[in-house]
């Protein structure tokens, strides 16, 4: 089946004339069993990682995952994004300014980005742990890197980091310029999981 009969070499060790055998299997090339229409295990893993990142961030690009410990190399994840875009599952384009490389987004994330741009800031305060995936200080937002340690805290206002609490002494520092009269309320919000309603009302007046 592998070699035409006219190209087969004679079979040694047999008395019958004209008896022949195919070439050795080492000359038959490299064989692999592939199921039609299904991804290889490496591609399945890259697809899983790609979907996980999209569900977490909505928009994904190389700089965003600088701190992520990916189970698949970024180049494989990038190929997965391209396959997903070709199928029409996600969108590719330039969604976040100031960053090079390819960017991919869930269709619903694009609408949310546009809505946030139209509405502008509402003064919403959100405090997260340093170990949270939303610890993007110094990666895609201003400020120095904050160690991904559970005890560290970051306070965001409308998605922009305003205060950080880190280090052995848990020292607090402001990432942006803060009026003196707002500092106490921001410090209080920093150590809480969510700013109290009175604090939010004070800061959004």
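Results, tabulated for the structure shown:
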{"read-out": "Counted residues, the stretch 100-114 - those being within 27 Å of residue 42 (Cβ to Cβ) and surrounded by 14 or more Cβ atoms within 10 Å (Cβ to Cβ)", "value": "6"}
{"read-out": "Any hit, the stretch 80-88, residues being loosely packed, with under 15 Cβ neighbours inside 10 Å, closer than 30 Å to residue 152 by Cα and either modelled with pLDDT of 85 or more or out of contact with any strand residue (DSSP E or B) (no Cβ under 8 Å at 6 or more places or on another chain) (or both)", "value": "no"}
{"read-out": "Residue among 26, 102, 42, 76 that is modelled with pLDDT under 90 and within 19 Å of the chain's Cα centre (by Cα)", "value": "42"}
{"read-out": "Filter result for the condition that a residue is in contact with a helix residue (DSSP H, G or I) (Cβ under 7 Å, 6 or more places away or on another chain) and either closer than 27 Å to residue 112 by Cα or modelled with pLDDT under 85 (or both), over 176, 162, 137, 191", "value": "162"}
{"read-out": "Residue match in the stretch 46-59 (condition: modelled with pLDDT under 90, farther than 12 Å from residue 103 by Cα and surrounded by 13 or more Cβ atoms within 10 Å (Cβ to Cβ))", "value": "no"}
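The values are calculated or read from the model by the stated rules, or taken from the named source; none is laboratory data. Here the structure is a predicted model, which means the values were calculated and not measured. Cβ sites come from the backbone with ideal geometry, for glycine too, and all protein chains shown count toward neighbours.
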